[in-house]
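See structure below.
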Amino acid sequence: MKIEIKNRWSGEVILCGKYKSIKDCLEKNRNADLRGADLRGADLRGADLGGADLRGADLRGADLGDADLGGAKNYSESHDIFMELVRRKQCKVFTDKEWAMIGRITIHRLCWGTIKNKFGKKMLSVFKKLAKDGFNEYLDKYNKVLNYGGLDGRILRRLWGYKCTLNKNEGIRKGLDEQIQRL
């Protein structure tokens, strides 16, 4: 059957061809750049997604059961991959408080800033448990959020120039306000 995987924002075709299924397409195009791919509702059970760039991919409703996510890149913005990684853990791995935080994040699809505001450093324990399994992007991203108010260091350097040094949240808001007013 003809399979087309399109960018969810632009409609541009990312992958196209004759395949048995979407899963077959992705496995034959391992390490594909799937940034922004519309994979809603796709049956990806057992698919090998290792090495795929999943930044901005829409995986809502996709069945990721038994999919190989090891080596996938840029998944830190995906609630769906987060839910799948948590689902694979035994219930006893997380405390009741951690399960409550996980539930709020997945049900409401909270953004990083809201996670920080609602849970603070308490959420680190969940991300550390996922990092132990090799999925460290959530922990890395959350540490940036906690240390730099959720702003990527590259963005700050662009706003402030390359002379800036980042010392936690010290002066970030004031400096950004000044830079934004100058723009």
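Values in this text are rule-based calculations from the coordinates and carry no lab data. What you see is a predicted model; the values in this text were computed from it and never measured. All Cβ positions, glycine included, derive from the backbone under ideal geometry; neighbour counts span all protein chains shown.
Take every pair of alpha-carbon atoms less than 8 Å apart whose residues are at least six positions apart; their mean separation over the length of the stretch 1-108 yields a relative contact order of 18 percent. Amide H contacts of Lys73: Gly51, Ala52, Asp53, Leu54, each under 5 Å away and 5 or more positions distant or on a separate chain (H built 1.01 Å from N in the peptide plane; Pro and chain starts excluded). For the stretch 30-39, the Karplus equation 6.51 cos²θ - 1.76 cosθ + 1.60, evaluated at θ = phi - 60°, returns couplings of 3, 6, 5, 7, 9, 4, x, 5, 8, 10 Hz by residue, with Gly and Pro reported as x.
Computed from phi, the 3J(HN,Hα) profile of the stretch 9-16 under the Karplus parametrisation 6.51, -1.76, 1.60 (θ = phi - 60°) reads 9, 9, x, 4, 6, 8, 9, 8 Hz, with x in place of Gly and Pro. Centroid-to-centroid, using Cα positions, the stretch 81-115 and the stretch 116-141 are 10 Å apart.
Based on C-alpha pairs under 8 angstrom that are at least 6 apart in sequence, the stretch 1-49 has a relative contact order of 37 percent. Counting Lys and Arg as +1 and Asp and Glu as -1 over every other residue whose Cβ lies under 12 Å from the Cβ of Leu49, the net charge comes to -3.
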